[in-house]
1. Compute the distance in nm between two label points, each set 7 Å from the Cα along the Cα-to-Cβ direction, one at LYS2 and one at SER86.
2. Evaluate the relative contact order of the chain (contact order divided by residue number), counting alpha-carbon pairs under 8 angstrom at least 6 apart; express in whole percent.
3. What Cys residues in the chain have no fellow cysteine's beta-carbon under 4.7 angstrom?
4. Normalising by the residue count of the stretch 9-56, find the relative contact order in percent from Cα pairs under 8 Å and 6+ residues apart.
5. Filter LYS97/LYS158; LYS3/LYS64; LYS64/LYS150; LYS3/LYS121; LYS3/LYS92 down to the pairs with a C-alpha to C-alpha distance above 31 Å, please.
6. Using a basic spin-label model with each label point 7 Å from the Cα along Cα→Cβ, how many nm lie between LEU154 and ASP140?
7. Which trypsin sites (Lys or Arg not before Pro) does the stretch 78-181 hold that lie in a coil by DSSP with at most 16 other beta carbons within 10 Å?
8. Taking the Cα centre of the chain as the origin and placing charges on Cβ (Lys, Arg +1; Asp, Glu -1), which of PHE66, ALA175, VAL90 is farthest toward the positive end of the dipole?
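Where a number appears in this text, it was derived from the coordinates with a stated rule and is not lab data. Fair warning: this is a prediction, and the values are worked out from it, not measured in the lab. Every residue, glycine as well, gets a Cβ built from its backbone with ideal geometry; the counts of neighbours run over all protein chains shown.
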Amino acid sequence: MKKSLGAKTLVYPTPVFVVGTYDKEGKPNVMTASWGGICCSQPPCIAVSLRKATYTHGNILARKAFTISIPSEDHVRQADYFGLVSGRSVDKFTATKLTPVRSELVDAPYVEEFSLIVECKLAHVFELGLHTQFIGEVMDVKAEDSVMAKGGLLEITKVKPLVFAPDTQGYYECAAQWFEY
Ligand SMILES: Cc1cc2nc3c(=O)[nH]c(=O)nc-3n(C[C@H](O)[C@H](O)[C@H](O)COP(=O)(O)O)c2cc1C
């Protein structure tokens, strides 16, 4: 027996992405986004959906680029903070003592202390309603040695990505377990 929950944005899991951009003055900014994910394999593309009200929205349109830094469980407080305040009024890097690094491939910064980074060139913009969907073509993915497994693959249990639950607004660990089937 299933109960109708109504027309809601409710799927599991949603990611915790930290979207990095530069503003007009070149100030680095980061915002948390859970409305996003992989959207094309070839060319490799990632989508994030942002409200026009965010500072990041204008930054992406102006710079035609963004990065995604993946926070681990160790950085849940900073990831939450990035989603609560706006870069219009605060320098979030200074406030959290995290380090912005200029991407060499796209016109956007990423978070040095986060172990997994995706660098994206803006490829498409779709107006969906409240949110604008930005499709970024992936120029490179960078990962710390410490989160790599043998053979050049990423090890999810070392990346320790967060999962966000849109209904309870809670953060959860990704209890990664390799299922044998
Ligand atoms: C876990 C989490 C996920 C969020 N996901 C989104 C999202 O996908 N799209 C969006 O527009 N805002 C999202 N937000 C809200 C923005 O992060 C928030 O408005 C932020 O202050 C915008 O920063 P900016 O003005 O510096 O760009 C999220 C917030 C949190 C805490």
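1. 3.8 nm
2. 24 percent
3. Lone cysteines by the Cβ rule: CYS39, CYS120, CYS174.
4. Result for the stretch 9-56 is 31 percent.
5. LYS3/LYS64; LYS64/LYS150; LYS3/LYS121; LYS3/LYS92
6. Rounded to a tenth, the inter-label distance reads 1.6 nm.
7. Answer in residue order: ARG88, LYS97, LYS150.
8. VAL90
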